[in-house]
Structures are given as structure tokens and as C-alpha cells.
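Sharing a structure with you now.
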Amino acid sequence: MDIDLRQILKRSAGEIGKSSVVALWFMFLTFPIMVMKVNPLDKTILWRWMNMAYVGIGTFSLSFIWRFLMERKEMGATKDEAETWQKRAGKYIRSDKRIYVPCMIVLIIFALYFPFLFSSYQTSIMITALMYVMLGLGLNIVVGLAGLLDLGYVAFYAVGAYFYALTNHHFGLGFWGALPLAGCMAATFGILLGFPVLRLRGDYLAIVTLGFGEIIRLILENWNEFSYGPSGIAGISRPSTFGIQLTLQQHTIYLYYIMIVLVLFTILVVSRLRNSRIGRAWIALREDEVACQAMGIDKTTTKLTAFALGATWAGFVGCILAAKTTFINPASFTFMESAMILSIVVLGGMGSIVGVVVGAFFLILLPEYLRAFSQYRMLAFGASMVLIMVFRPQGIISGIRQRYEFHKEPAEEESL
Amino acid sequence: MDYFLELFFGGLTRGSIYALIALGYTLVYGIIELINFAHGEIYMIGAFTALIVASALSLMGMSGWSLLLLCGIVAVIYSAAYGFTLEKIAYKPLRKAQRLSPLISAIGMSIFLQNYVLLAQTSDFLSFPALIKEFPFMDNITIMRTSELVILITTAVSTTLLTLFIKFTRMGKAMRAVAQDKTMAMLLGVNVNRVISVTFIIGSALAAVGGVLISSHIGQINFYIGFIAGIKAFTAAVLGGIGSIPGAVLGGMVLGWTESFATGYVSSDYEDVFAFGLLVFILIFRPAGILGRTSSEKV
Amino acid sequence: MTASMPVLDIRELTMDFGGLRALDNISIQVNRGEIVALIGPNGAGKTTFFNCITGMYEPTKGDMIINPPGKKMQRINRLKPNVVTEHGLARTFQNIRLFQKMTVLENVMVARHCRTRSGIAGAIFRNESTRREEREMVEFSYQMLETVGLGRYVNELAQELPYGAQRRLEIARAMATEPFLLLLDEPAAGMNPKETSELDQLITKIRDVKGVAILLIEHDMKLVMSISERIYVLDYGQMIAQGTPREISDNPDVIKAYLGEAFDA
């Protein structure tokens, strides 16, 4: 078969033409904001022509990639392909004991020795990453399993943090006492906030929860007598060490190990919940609310348990935040936080535990190690949320549900 | 009494701005049942574009009404372009996806646009030139400023034009058709893609008008104003009944007055809480809004 | 056949949607272990009827009463859908509403929810009673799948199933709630003759083995005539005929409703 050179040239010219149009459009679009910068003091304008070149070249190249990925998406290739290589990789790693066991051992040793291999600062970052893993897993229950888009998750985080801060400040309650209570407090708020939104559909539910989150933050900011307003609460006790005196660095290491234990606990609990009667009820609720009810599941109770259980973890982490930084103020609990936690769940793959863990590490650690690009972090968050939804709504790690049940026939493994 | 009237007109002004932005939300929701979370950012970009153009032009010596008009037009064009592009990138590919996907995409886009402006411009508050010159006859009136009057008039005119457009033009009819039944409209030969694009363009243009006006009125802008204005305008749209044009205006007014009187007589710190509280209240007790109709799902 | 109360006793059910009367004084009875069909042209109100008795819509007027075998009479007006299912009414849907992203086995296990009890604590601590209940759920669900002939699909995702299998899964799922009355909404829709006759056997088997009464909405006349003991005919929300299959097929009103005035019987 002859290769028709003219056809190829024609198609290439067409593609280049399309991308050029796109590039020109974006250069026009971003002209005022990217190129022109107003200097209010001298009343001059700074003209940044280089930016226009960057935009032009960037969008020119990106548009090729975009169209390519779009075509693949339309043909449904992405879904099948990814599913196959992941399923195979996952199965391979898990089933072949010779690979699985050493991997786990290395991981465990690394985790245990981490604080001694790296500086205190690095350990602190890792603690933050672990905190976001817990937050992500908690939100995963609400959004990933039950399908309730909660944009105000940060409210429960704040409840946990302020609970500990205030009880510590007024009553001297220690970390260990406050931790479970913070969880309960957050769970209560979860039910309180869940009640009014029971009847709401997806988008409206999202906006109302957003509203709740903002209301709580604004109240914390303005009700000075209660929450000490924007200046926050300082001098919160660190987790007690039962009489042993520790230095700051040792406290960090102590907290790191506490976090490891808590994260493992969280993973255990969430995975058990997921493979249980209540977990299946949540997923049924997410998949089809009408059919779910028809099968005898009380959607009110199911939704409220999802909210309550999800909120509990945020409460725990809030308490930890207060203990870690010994200072909290309302500025830590903005909508942006909720959005970040949401993007961890979305990026990782709704409902997938491994996905959330990977997502949290990715979103927290990457900006730390790519310091040069840290100011672009939020930009990347936003863009990645859009891109994931368009090209890979099932998230990075999780393919479509990889679950097997114990069963009479040739035994299948139960997997995460 | 004077104080009351001041608050009244202040509320009317706020309400007008909310109405202008809310119209964008309501139009888009009516057509594709999506809350365009990034709509607030379109408003913000309109304001920024106007600021930049105004600064450039005033350096060249322009001023007065011609400056305002020119800035406004440029801002509208740019916002419309952003809205159009936004739809093509973040929403069009997700038309067939589950409900959560476009909403998450919208949130992502909102964050992206905020930070885009933040990085390309500045995080500081930029002062916006007072483009609206005071009318001489307004000098004796204390309850309302010239800029407030201009805002009211502009909103009234825009809403009227929009209503006429929807009612009497071919495109308007096509928009109504698509809002009612997208598939059927397509089968009848309506170019649904174009209708959706036009909807976004109109909505964005209105938001830009709002952005220019309120920035001239208040005098300063920053990259974050889109978020708050967006949520409040969404509140207004839902309050009045999402998908309804008179509803958006009504909702805007109600919200504007609530905020104005609440901050005037109760407390100004909790301004945003009143707005969010109203939003939560309405969504829980009457999600259809004042003028809306409740719809039921077919099993 | 004991002269007992009908397990389903609907009296003068009326459903208005604003100005539209979708159901007009409909009375339907189903006796224990009976197979009854509800037929009528599209838009007659059949699915609306199902939605009313399962608690999805609140009827404008009328009494909906059930007499579960061995239990007290119960009026089911104003009960939430999940409570109705708990009482023993299960349904399938006209447009298949399976839990797409769950496996076939899990779809059936979900239906066991209202017959099982373990809660959050049980899920987290996995005590003996929870684990036993879980095993029983798996076992029961698997048996149910075998009964409908889907045993080999256990670990497939519901969305991967061929159409006919999906319809049967809906039935298995509904049966897993251990109902005394099964409401089937167009179970044969889109099936070829072979699948339909298999469905015929399945429905009969369910009734014979489990003693479940069946009320089905169906357009496939061959299936209806073959399987039903009694038929109700709806048109524009009104009951235009009821009786045995023989009586119905000879009824001129029924013929007119389906084929229109112009047709001379």
C-alpha cells in the first residue's frame, strides 16, 4: 500500500492550522491580564510581551495534546486500557508473594525510620501529608462512597481543632482526652449539618454545604468572645508524653509516630466500613438513590451516618492540627481547604483507599519538593481537577471498582 | 428616615449587581443544569480587564463617559470570550458525564482562574478609577449617589433587553427550546452547541457589566472578589427561582435589601453570614425559589 | 386455596399531578401466590400505580392495604419506600436501575440490607455475629443468583452484564428482600422469544417455590396470556376491564383501547 504523502501533509497542515488558531485565540484572550500590568504607584503600565510568546507557544503545543487525548477519550480507549494495566499491575504485585512481601517490608522500614533519616522539617511535612491522608479518607466516605458532594468538610475540621483548643485553654484538657471527644463533637456536627440537606440533590447539596462551611468560619472569625476571632488561640498543649520531657524535635518525631498509628487505624476502619453492610448501602445510595430505597435502605439514616462518620475523621485531624501547630485561627479553615481535600479524593479516585493515600502524598509533597513552582500550586490544583474530570474521572489509581468477594467458586481474593 | 432610604437604595444597588451576575447563573442553569461555579471569576476578570484598559487609556489622556464606555465594551468582549472558552474546555466535554463531574470541573476552573489572575497580576487590592462622573443634578441628593443611579438604570435596561431578546428573537426561542428539551431541540434542527455558547456569552457579558459598574462604585478590586460575589449571586438566582430571569432580578433585590438592612441595623461584621444563611435557608425550605416551579423526577 | 384476605388490597386509588389525573379510582387485589398482570397502552398509568403503592408518590386518594401472610393487616399509605419494602413488597424497574459499579453479587447483597442488622460497630470490629451475618448474606445472595441462572456472573460488574442478564439480576435483587409480593415492571422488555419463555419459567418457578405473589406490568401479550391467572386493564388512568385471560382477550373495550376506534373486532 502506498503512503500518500500529500494526504499526510494535508492532515498535518490541518492540525497545525487548528493549533495556530487556538494559540492566537489564547494570545488574544490573555492579552490584558498576562501582558499588561498596571503599576498603581507610578501610574505606568508594564508591558510583558514575553508572556504573550509563552502563551502562544504553550497553547499551540497543548492544543495538539488536548485534541489527541480527546480523540482517545471519545473512542473509549482510555477506560479499557487503564483498567487492564492497572488490574494486571495490582494483581501482579499483590498476588506474587515474592514481590509483595519485600515491597511491604521496605515500605514499613522506611516509614519507621523516616524521622531519623530526614530532618525535623521534612518530618513535619510528612506529618502534614499524613493528616491530609486522614482528611481525604474521611471525605472519601462522604463523597467517594456515599456520593454526597460535601464542599464544607472544612467545618468539621475546624470543629475538631477549636474543640481541643478551647477545652485546653479553659479546662486544661489534654490531647489524648480531647482526641476522641473531638471526633464525637465533629460527628454531632455532621449529623446537625446533614439533617437539613437530606432532600437536596447533588449541586444544591454541594452549595449548601459550602455555605455551612463558610458560615462556621465567619462565626469563628467574628464571635470574639467565643473563639477569640481572627487572632485565634495560641499556646495549645502538644500531646502529652506522660511526664517525659521532650525537645521540640522529639515532639515532632513523637507526633509523627502518633500519625502513623492513626493513619493505619483510619485505613483499617475505612476499608472495613467499605466492605460491610453499611458500606454497600452507601455505594448503593451513590449509584441510584431511588433503587437504593426500593431495596429497603433508609436513605436518611444512610446519609446521616455517612456525614457523621466522615466528619469524625475531620474532627480527629482538627485536634491533631491544634496540637501540632499549638496555634489555630479561622484562616486555616477556608473553602480552599475543602476544595483541596476534595481534589485529593477526586484525584485519587472516588472510593479508593490507595488512591486517596497516593493523592494526598502527591498533592502535599510535590509542591514541597518542587519549591520553585510552589506559587503555581493552586493553579495546578485547579487545572488538574478540570483535567481529571475530563479525561479520567475515575481518578489516577483506582480503576473501576476492583472488588472481589469471598465466594464458593474458585476463591477470589479480597482486595483494597 | 434618611438612613433608611440610604440603606434602601444601597440595597437596591447591591441587588442590581447581584441581579446582573445572577442572570448569568440562571441562564446557564436553565440550559444545561449546571451551576457555573467559575461565573464569579468571569465577573472578576471583567473588572480586571476594565481596570487595565482604563489605566492604559487614561494614560493616553482619555477620560469621562467615553472612557467608561470603552472600558465597558472591552471588558464585556473579554468576559464573553472567557465564558465561551471556559465552556468549551471545562463543560462541553462533560455533557454526558455524571452530575458530579461538571461541578468538580467548575470548581477546578474557578480555582484556576483566580490563581491565574493572582499570578499574572497581583494579590493586592488595586484601586479602580472612578469612571462614573457625578451628575450635577445629583449633588443635592444625599440618599443616592450617581454611580448607584447609573447601576440601577443599567440593570433595568439590561434586564429588559435580555427579556426582549429571549422572547422575540430566533436565538431567544432556540434558547428556550434547548432549556426545555435539549434532544428534541436538536432533532428540530437547533444548533445546540451554538445555543449553549451564546448563553455563556450573554451571561458572561452581563457579569462583566456588573463587574465594571461595581468596581467604579466601590473603587477597588482584587482577584478574590469573584468568589464572594459568585456565591451571593448564586444565592440570588436560587432565591428567585433558578432558570427564571425575573426570578434572578427579584432574588438579587431581596438579597441586596437583606444584606443592606441587616448590616445597617444589626451588624456589619456578619454581612456574609446573612447572605450564606439566606442561601442555606432557601435551599432547605424552598429550593424552587420564589418564582420557581418544583419539578419531580420520573421513575 | 384458602379464602383469605388478598395480600394486596388497593381501593379507589387516585393520583393527580396538578391538573392531570393519572389514576382514577383504581381498585386492584392480588391474592396469596397469585400471578396477576396489569396491562394497558403506554401512558395508561401502570408504572404510576407501582410508584404509588411502593411509596414513591403519595396518592391523592385511596387506601393501600397489605395482608402479609402470617402478619397483621397494614395500611401502607404514606410509608416511605424502604419501609414498604421492609413490609414485603419488592419491585423491579422499567428502566433497569442496577447499581452499575457494584458486582452482581453485591447488588443482591445490598437487597439483604433490610433483613440484616449489623451496624457501624459491627463493621469496624468484625465480631462473630457480624461475620456470621456477612457469610449468610453471601450465601443467600449466591443461592438467589443461582436460582435466576446468574451464578457464573457473581464477580462481574453489573454494568458489564448482557441485557437479559441485567433484567434477571433486577429480579434476583428484588427477591433477596424476601417479599411476599413481587412487582415486576415490564420484565420482558427488549427480550427475544427464547429469553421471554425462560422468563416465563423463572416467574412461575419463583411463585411455585417461594410462594411469592406476582403483579406484573407487561406489554408482551404472549407472556401475559401464558402466565397470568387474572388480568387488569388500564387505559388513561381508568380500569376498563378485569378478568381471566380468556375474558380479557375477548373483551371489545380492551381491543379498542389497544388498537383504536377504527378497528372493527
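Any idea which of B:VAL238, B:TRP257, B:ASN193 is furthest toward the positive side of the dipole for the stretch B:171-299, if Lys and Arg beta-carbons carry +1 and Asp and Glu beta-carbons -1?
The residue sitting most towards the positive pole is B:ASN193.
Can you tell me the dipole magnitude for the protein assembly as shown around its Cα centre, using point charges on the Cβ only (Lys, Arg +1; Asp, Glu -1), in Debye to the nearest 20?
Values: 85 positive and 75 negative charges, 272 e Å.
Taking the Cα centre of the protein assembly as shown as origin, the dipole is about 1300 debye.
Sticking with this structure for a sec: Given the C-alpha centroids of the stretch B:242-271 and the stretch A:112-162, what is the distance between them in whole angstrom?
37 Å
Right, here's the next one. Dividing the convex hull volume of the Cα atoms of the protein assembly as shown by its residue count, what figure in Å³ per residue is obtained?
Working: hull volume 232.3 nm³, N = 980.
Taking the convex hull of the Cα positions in the protein assembly as shown, it is 237 Å³ per residue.
What is the stretch B:216-295's relative contact order, in percent, from Cα pairs under 8 angstrom and six or more apart in sequence?
34 percent
Also, quick follow-up: If you restrict to DSSP beta bridges whose two residues both lie in chain C, what percentage is antiparallel, to the nearest 5?
Working: 20 of 36 bridges.
Approximately 55 percent, going by the DSSP bridge assignments.
Enter the angle in degrees (range 0 to 90, nearest 10) between the Cα long axis of helix B:192-218 and the first principal axis of the Cα atoms of chain B, meaning the one along which they spread out most.
20 degrees
Let me ask something else about it. Relative to the longest principal axis of the C-alpha atoms of chain B, give the angle of the C-alpha long axis of helix B:146-168, reported between 0 and 90° and rounded to the nearest 10°.
Roughly 20 degrees, rounded to the nearest 10.
Can I ask one more? Compute the angle between helix A:49-74 and the longest alpha-carbon principal axis of chain A, please, reported from 0 to 90 degrees and rounded to the nearest 10.
It is inclined by approximately 90 degrees.
Is chain C best put as rounded, prolate or oblate by its Cα gyration tensor, with a ≥ b ≥ c the root eigenvalues, rounded for a/c under 1.5, and otherwise prolate when a/b is larger than b/c, oblate when not?
On the way: a/c = 1.96, a/b = 1.52, b/c = 1.29.
Here chain C falls in the prolate category.
Now a separate question. Can you work out the base-10 log of I(q)/I(0) for the stretch C:1-144 at q = 0.10, 0.11, 0.12, 0.21 1/Å, using the Debye formula on its C-alpha atoms alone?
-0.47, -0.56, -0.65, -1.31
Dipole magnitude of the stretch A:183-263 about its Cα centre, charges +1 at Lys/Arg Cβ and -1 at Asp/Glu Cβ only, in debye to the nearest 20?
Values: 4 positive and 4 negative charges, 41 e Å.
In total the dipole reaches around 200 debye.
Okay, moving on. Using a ≥ b ≥ c from the Cα gyration tensor of the stretch B:1-112 (square roots of the eigenvalues), is it rounded, prolate or oblate, where a/c under 1.5 gives rounded and otherwise the larger of a/b and b/c decides, a/b for prolate? Don't skip to the answer; put the middle values down first.
Details: a/c = 3.01, a/b = 1.39, b/c = 2.17.
Oblate is the answer for the stretch B:1-112, as a/c is 1.5 or above yet b/c matches or exceeds a/b.
Now, a different point. Averaged over its residues, how many other protein chain Cβ atoms are within 10 Å of peptide A:334-342's Cβ atoms?
Numbers: counts 1, 4, 3, 0, 1, 5, 1, 0, 3.
Other-chain Cβ atoms within 10 Å of each residue's Cβ, averaged: 2.
Peptide C:106-119: average number of partner chain Cβ atoms within 10 Å per residue? Mind showing how you got there, number by number?
Working: counts 8, 5, 1, 4, 12, 7, 4, 11, 4, 1, 1, 1, 3, 5.
Average neighbour count from other chains, rounded to a whole number: 5.
With each run of n ≥ 4 DSSP H residues scored as -39500 (n - 2.57), what mean residue ellipticity at 222 nm is computed for chain A after dividing by its residue count and rounding to the nearest 500 deg cm²/dmol?
On the way: 16 runs with 291 residues, N = 416.
Dividing the helical sum by the residues of chain A leaves -23500 deg cm²/dmol.
Note down the relative contact order for the stretch B:138-257 as a percent, whole number, built from C-alpha pairs under 8 angstrom at least six residues apart. It would help to have the intermediate numbers written out before the result.
Values: 68 pairs, mean separation 18.2, N = 120.
In percent, rounded to a whole number, it is 15.
Run the numbers on chain B and let me know its relative contact order in percent, using alpha-carbon pairs under 8 Å that are six or more apart. Could you put the intermediate results ahead of the total?
Working: 486 pairs, mean separation 108.6, N = 299.
RCO, chain B: 36 percent.
To the nearest 20 debye, what charge dipole does chain C have about its Cα centre, counting +1 at the Cβ of each Lys and Arg and -1 at the Cβ of each Asp and Glu?
Value, rounded to 20: 980 debye.
We did not get these values from a lab; they are worked out from the coordinates using the rules stated. Here the structure is a predicted model, which is why all the values come from computation and not from measurement. All Cβ positions, glycine included, derive from the backbone under ideal geometry; neighbour counts span all protein chains shown.
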